Amino acid sequence: MTDVTKFNTLTFDCYGTLIDWERGILAELRPWVERNGRRDLDDNAILELFGTTEAACEAETPGKLYPEILADVHRRLAQAWGIKAGDDEAVQFGQSVGRWPAFADSATSLQYLKRYYKLVILSNVDRASFARSNEKLGVVFDRIITAQDIGSYKPSLRNFEHALADLERTFGTRKTDILHTAQSIFHDVVPARTMGLATMWINRRKPVGGWGATPAPRVEGAPTTPDIEVASMADFVILHQAHLRGDSA
């Protein structure tokens, strides 16, 4: 297994990895669909259509800020599910990111990891929304790079190219210094590996399976296998401690 102590920089996806976006999304959408008579939709149906719709909106309108993307997703979900939704509901959903909770292990794990690495956010979000999430994460990140800064959304390689150039310019960071750490194979592992980055998959859905709010990876020749897989940030810390001791796992 790749030794995690050989890196000095962690680039993080945030939503799905550090922030429990699936719980946050369901807290917003489930009461809405039930109020509108769609009790037939289970959690996976809601999350899966959200995931494919969000990715489509991001690809079609990469210059929009994330709250606008979420509002567009809400409108498309309403149409797909036959719900008559007011524009105010879409706008409210667009503003919901700051209400999404952090995973229970995120803050303590980040505080531990900050002792050993530079911590960098590379997220499909806007700066204002991330600032509200950052309050839940308990650390000061060394660099925050968002879709707003870049003008595109992962899995676009532009986002990774921008981050690599930014980190080299700011810190002198080389590609071999970085371990890209993320939950989404589609948004993160595939493009990061395509760019030659080492990757750690935080497989938050391991107990339940399926892809949830992230689209299934497109596999035509793409590198979909991460270098390292753990089920949580807490497991990342345990692995790091093992590698510090010289254990292989």
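No lab work stands behind these numbers, since they all come straight from the coordinates. Everything quoted here is computed from the prediction, not taken from an experiment. Don't worry about glycine lacking a Cβ; one is built from the backbone with ideal geometry, like all the others, and counts go over all protein chains shown.
List the trypsin sites (Lys or Arg not before Pro) within the range 175-223 that fall in a DSSP loop (any state other than H, G, I, E or B) and whose Cβ has at most 14 other Cβ atoms within 10 Å.
Those satisfying the criteria are Arg218.
Where does helix 66-80 land angle-wise versus the long Cα axis of the chain, in degrees 0 to 90, nearest 10?
50 degrees
Over the chain, what relative contact order in percent results from Cα pairs under 8 Å that are six or more residues apart?
Dividing the mean separation by the residue count of the chain yields 27 percent.
How far, in degrees from 0 to 90, does helix 233-245 lean away from the longest principal axis of the Cα atoms of the chain, to the nearest 10?
Taking the Cα atoms of the chain, the angle to 233-245 is about 10 degrees.
Give the longest segment of the chain that steers clear of GluC sites (Glu not before Pro) in DSSP loops with at most 15 neighbouring Cβ atoms within 10 Å, not counting the sites themselves.
So the longest stretch without any such site is 1-134.
Give the distance, in whole Å, between the Cα centre of the range 170-197 and the Cα centre of the range 74-145.
Result: 20 Å between the Cα centres.
Assign one of three labels to the range 119-249, namely rounded, prolate or oblate, based on the Cα gyration tensor with a ≥ b ≥ c the square roots of its eigenvalues; rounded applies when a/c is under 1.5, prolate when it is not and a/b is larger than b/c, and oblate otherwise.
Cα axes put the range 119-249 in the rounded bin.
Of the beta bridges DSSP finds with both residues in the chain, what % are antiparallel, to the nearest 5?
Taking every DSSP beta bridge with both residues in the chain, the antiparallel ones total about 5 percent.
Among Trp21, Trp201, Trp32, determine the one that fluctuates most according to a GNM of the chain built with springs between C-alpha atoms less than 10 Å apart.
Among Trp21, Trp201, Trp32, the largest GNM mean-square fluctuation belongs to Trp32.
Excluding residues on the same chain fewer than 8 positions from Lys136, give the lysines whose Cα lies under 18 Å from its Cα.
List returned: Lys114.
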